[in-house]
Amino acid sequence: MRLLPWEYAIRNLARHRIRLISSLAGSALVVLLVLAAASFVRGMEKSMTVEHGNNVIVLGAGSEESLERSEIKPSVPSEIAAAVDGLKTNLGVTYVSPEVHMASLVREEEGSERTLLTLLRGITPPAFLVHPQVRITEGRAPGQNEILAGKLAGARMGLPDERLAVGKTLWFDGRVWTISGRFEAPGTVMEAELWVPLRDLQLAAKRDNLSCVVLTLDGGADEAADTFEDVDAFCKRRLDLELVAMW
């Protein structure tokens with residue numbers, strides 16, 4: 001079987017220049033999209049690996065790909081703390097952080113037509129224990145109707161950084177929220193979030209359930225692995241709670 005000379009293919013390419021340019025542009029676009037998607041995934045994986053090495057996230061079964069869709073009962077944190085030994089403690093405080101993760105629209109002020117998409121995280125004080133990367137750089141932790149803004153939250157919302165300075169306000173859920181402080185968490189996605197008190201976010205979202213519970217395991221690698229098996233066993237044993245543990 002004889003093959004067509006290579007010159008035939010080159011000659012045909014040059015014969016339809018518009019088709020050639022369109023094909024090259026389409027191929028380049030596909031390659032760029034693949035590279036962008038791979039870069040995004042690698043960046044997310046790198047950000048997640050910066051998280052504390054002994055952290056475990058317990059969330060709703062079937063919601064492993066999205067914390068925002070996850071829902072677990074509010075009793076889960078206390079039940080896990082009571083049933084599992086080996087969780088880290090400090091001065092009698094167990095490293096157990098119940099959290100709500102929610103994407104929502106906020107406004108700069110009442111009556112503003114512009115809506116800003118952001119990611120809100122409802123927290124309690126133990127959140128600063130299980131997320132040691134977080135460091136408050138200005139102001140203080142949020143109180144009632146207050147927000148702790150991440151370093152990159154303004155960029156995510158399309159606002160200048162000074163718009164989220166301490167003392168500034170945002171409009172959400174029909175009321176004013178005051179920026180109580182700013183925080184940084186280098187190398188993590190948390191820097192682009194707004195942190196608010198857990199109960200306030202639950203009231204705003206009209207939900208009692210949590211999105212997840214973040215636990216910090218005590219001890220070295222071997223001890224932590226044993227404790228994770230206990231957490232995983234708890235999730236599999238309590239079928240009524242529909243939980244899954246991720247390390």
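Just so you know, the Cα atoms of the chain work out to an Rg and Dmax of 24.0, 82 Å.
Considering only protein heavy atoms and a probe of 1.4 Å, how much of the accessible area of the range 108-247 is carbon and sulfur, as a whole percent?
50 percent
Between ILE21, ILE123, ILE136, the residue with the greatest mean-square fluctuation in the GNM of the chain (Cα pairs under 10 Å linked by springs) is ILE21.
In order along the range 204-214, phi translates into HN-Hα couplings of 5, 8, 6, 9, 9, 6, 9, 8, 6, 10, 9 Hz, rounded to whole numbers, per the Karplus curve 6.51 cos²θ - 1.76 cosθ + 1.60 with θ = phi - 60° and x for Gly and Pro. Report, to the nearest 10°, how far helix 221-237 tilts away from the longest principal axis of the Cα atoms in the chain, using its own Cα long axis and a range of 0 to 90°. With both axes taken from Cα atoms, the answer is about 90 degrees. The residue list GLY167, PRO132, GLY220 was ranked by how far each Cα lies along the charge dipole of the chain toward its positive end, using unit charges on Cβ atoms, and GLY167 comes out on top. Per residue, the accessible area of the range 206-247 comes to 54 Å², computed with a 1.4 Å probe over protein heavy atoms only. Protein-only accessible surface at a 1.4 angstrom probe places the residues MET102, MET190 in the order MET102, MET190, largest first.
Please state the relative contact order of the range 103-247 as a whole percent: Cα pairs under 8 Å, 6+ residues apart? This gives 26 percent for the range 103-247.
For the chain, with a Gaussian network of springs between Cα atoms less than 10 Å apart, report the residue from ARG19, ARG156, ARG237 with the top mean-square fluctuation. Its mean-square fluctuation being the largest, the pick is ARG19. Averaging the sequence gap over all C-alpha pairs within less than 8 Å and six or more residues apart, then dividing by the number of residues, gives the chain a relative contact order of 28 percent.
A 1.4 Å probe run over the protein chains yields, for the range 65-174, 52 Å² of accessible area per residue, whole-number rounding.
Just how large is the dipole of the chain about the Cα centre, in debye to the nearest 20, putting +1 at every Lys and Arg Cβ and -1 at every Asp and Glu Cβ?
Numbers: 27 positive and 33 negative charges, 305 e Å.
Rounded to the nearest 20 debye, it is 1460 debye.
The values are calculated or read from the model by the stated rules, or taken from the named source; none is laboratory data. Here the structure is a predicted model, which is why all the values come from computation and not from measurement. Note: ideal-geometry Cβ built from the backbone for every residue, glycine included; neighbour counts use all protein chains shown. Calculation scope for accessible area: heavy atoms of the full protein, side chains included, ligands and nucleic acids excluded. Shrake-Rupley method; radii C 1.70, N 1.55, O 1.52, S 1.80 Å.
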